[in-house]
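J.: Take this structure, written in structure tokens, and hold onto it; I'll ask about it next.
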Amino acid sequence: MTPIAGLPLTPPTAPTLSGQQSATATGGQPFKNILLEALNQVNTMQTQANEAVQQLVTGGEVNPAEVLTTLQKADISFRMMLQIRNKLVQAYQEVNNIRI
């Protein structure tokens with residue numbers, strides 16, 4: 001049987017900022033890059049899940065348990081990214097509603 005290679009979803013590390021220094025000056029990544037990297041990981045997991053299902057449906061030599069695990073990983077990572085997006089939108093709306 002051919003194993004399905006999975007990409008582990010590791011949470012990105014937040015950059016540490018001190019004072020007025022930027023993330024790149026302190027050696028960390030900008031928030032944009034962290035978010036884009038996480039989105040790419042989620043996209044990769046979704047693609048791998050689709051390929052695993054295709055192999056299973058077309059009769060490829062793949063373990064159904066591995067396909068299920070791959071699908072669950074992709075689902076959990078997508079739901080987590082959706083929650084992050086919701087929190088970002090909520091934070092933006094709160095900042096936008098602040099009266100000066």
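Read-outs: derived from the displayed coordinates by stated rules, not from any lab. This one's a predicted model, so the numbers in the text were calculated from it and none came from an experiment. Positions of Cβ are generated from backbone atoms using ideal geometry, with glycine treated the same way; all protein chains shown enter the neighbour counts.
J.: Can you pull the one-decimal nm distance between simple spin-label points at residue 29 and residue 95, each 7 Å off the Cα toward Cβ?
T.: Result: 2.0 nm between the two label points.
J.: Another question, then. Across every pair of different alpha-carbon atoms, what Kirkwood hydrodynamic radius in Å does segment 39-100 reach?
T.: Mean inverse Cα-Cα distance, inverted, gives 13.5 Å.
J.: Please compute the length gained on full extension between residue 37 and residue 61, using 0.36 nm multiplied by the number of residues separating them and subtracting their Cα-Cα distance.
T.: 5.5 nm
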